[in-house]
């Protein structure tokens, strides 16, 4: 389903530029000349985000924001502000605005902010039953339940949290859950992708800058630490920070004080920092590419998210969730998945984790020939000749039938049989060397030993080699 945006600005030239820019990006775009007309538009049809100027006649941007928060609290509102009203824009963030951008705005920055706001709105709108997970996160396996318990225990603490896990496992979802369950939930949640910010701009992005601090700094600007005051700052991909910036981040974490670029005055903030990385920071400390003191400062409360290949029981739940989401977005009416399709999903190793499953389900919903997804509709699940691909020729017909088991139990039986076969194949390929088999499967040696015990493979006379 095409995303629809509402642009609100009393300047005709701004409205026309934004409408043309965002239409080229694939959005459906409507416009309004002030807050009053915007409220009328919002009463007529559904929008996915509002981009509004602050200073307008009749009803201005802040009044429009208040109306949206009261009448459609899940709708993201992005503020466009002139240089002289940045403080008002920051106040708007505290009142619930998704983000802000200053005039004259950078087109790429605006597109990124809108995309991020739409993604956050999508995540917030996800609904799952308590049996499927908690905190808007799907997960029924024991490792995920332990994460839910840990979120509940530490959310209200100001202590720094380090979330680790492979790309696509849902680290930002956990960070948002920590914020939502904390006593800072009414404050801002500000996210920074440390790997996406150019190194020469990173200090300004984090700490802000004063007017004239460098070429192009035509006005003072608050950084992400200031914007996150009394809220949560999420530092994603924190392993990408160069050493000189690691020193500056450590100082701020220790003192909760900093200076803007080009400034002399110290700024104090009250920010809870949640960091995330897909890299092994401990190994980086050992080879000298990451500061040990910063690692210990970030890693006060560690939360590790397991890869999807270790969450077999969650795969059908996630697939069903994505099916419902893409039915709505793509205007399809897919009613479900065949047993063969579910077995195929259960047998894949998911190197791209949940993000890979999400992309696959979008493709399957879009391209499915009938009203139910079959194994043949799972185009692009991977190179079927690769070692990690679903095992061709494996008998997918278990002793139990759908008459004997409910769907979740049925999928669990299929998945377990496929996983056991895949583990056995990996062990046989390395002459039952557990360490090499674990490396081949992409899991820890301890995890493999546990699975071997669960599947009765440790009794095999060939097992047990290190």
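The values are calculated or read from the model by the stated rules, or taken from the named source; none is laboratory data. Treat the numbers as computed from the prediction; the structure is a model and nothing was measured. Here Cβ is always computed from backbone atoms with ideal geometry, including for glycine, and neighbour counts include all displayed protein chains.
Annotations
- Residue 45 being surrounded by 13 or more Cβ atoms within 10 Å (Cβ to Cβ) and at pLDDT 85 or above: no
- Answer from 8, 31 - the residue that is crowded, with 22+ Cβ neighbours inside 10 Å, touching a helix residue (DSSP H, G or I) at 6+ places or on another chain (Cβ under 8 Å) and over 23 Å from residue 229 (Cα atoms): 8
- Taking every residue in region 189-203 that is farther than 11 Å from residue 240 by Cβ and pairing it with any residue that is modelled with pLDDT under 80 and part of a strand (DSSP E or B), at least 6 positions away or on another chain, the pairs with Cβ-Cβ distances below 6 Å are 203/261.
- Scanning region 420-432 for residues that are surrounded by fewer than 18 Cβ atoms within 10 Å (Cβ to Cβ) and under 25 Å from residue 280 (Cβ atoms) turns up just one, 430.
- Selection within region 261-295 - surrounded by fewer than 13 Cβ atoms within 10 Å (Cβ to Cβ) and over 19 Å from residue 243 (Cα atoms): 264, 265, 266, 268, 270
- Hey, residue 22 assigned to a helix (DSSP H, G or I) and within 28 Å of the chain's Cα centre (by Cα) or not: yes
- Residues in region 321-354 that are in contact (Cβ under 8 Å) with a residue 60 or more places away in the chain, at positive phi and in contact with a helix residue (DSSP H, G or I) (Cβ under 9 Å, 6 or more places away or on another chain): 353 only.
- Meets criteria (modelled with pLDDT of 70 or more, outside the structural domain of residue 175 (by TED's automatic domain parsing) and under 15 Å from residue 189 (Cβ atoms)) for residue 123: no
- Unique match (being surrounded by 14 or more Cβ atoms within 10 Å (Cβ to Cβ) and in contact with a helix residue (DSSP H, G or I) (Cβ under 6 Å, 6 or more places away or on another chain)) among 317, 298, 249: 317
- In region 158-178, the residues that are touching a residue at least 60 places away in the same chain (Cβ under 8 Å), surrounded by fewer than 22 Cβ atoms within 10 Å (Cβ to Cβ) and farther than 19 Å from residue 280 by Cα: 158, 159
Listed here are the residues, each with its yes/no results for (1) assigned by TED's automatic domain parsing to the domain that holds residue 159; (2) assigned to a loop (DSSP other than H, G, I, E, B); (3) farther than 27 Å from residue 296 by Cβ; (4) at pLDDT below 80.
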{"residue": "179", "(1), (2), (3), (4)": "yes, no, no, no"}
{"residue": "182", "(1), (2), (3), (4)": "yes, yes, no, no"}
{"residue": "185", "(1), (2), (3), (4)": "yes, yes, yes, no"}
{"residue": "215", "(1), (2), (3), (4)": "yes, yes, yes, yes"}
{"residue": "226", "(1), (2), (3), (4)": "yes, no, no, no"}
{"residue": "229", "(1), (2), (3), (4)": "yes, yes, no, no"}
{"residue": "235", "(1), (2), (3), (4)": "yes, no, no, no"}
{"residue": "239", "(1), (2), (3), (4)": "yes, no, no, no"}
{"residue": "248", "(1), (2), (3), (4)": "yes, no, no, no"}
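- Qualifying residue in region 45-68 (condition: in contact (Cβ under 8 Å) with a residue 60 or more places away in the chain, in a helix (DSSP H, G or I) and within 30 Å of residue 363 (Cα to Cα)): no
- Given (1) free of Cβ contacts under 8 Å to residues at least 60 places away in the same chain; (2) in the same structural domain as residue 423 (by TED's automatic domain parsing), number of the condition residue 318 does not satisfy: (1)
- When the residues of region 298-314 are filtered to those that are modelled with pLDDT of 90 or more and part of a helix (DSSP H, G or I), the one that is farthest from residue 447 (Cα to Cα) is 298.
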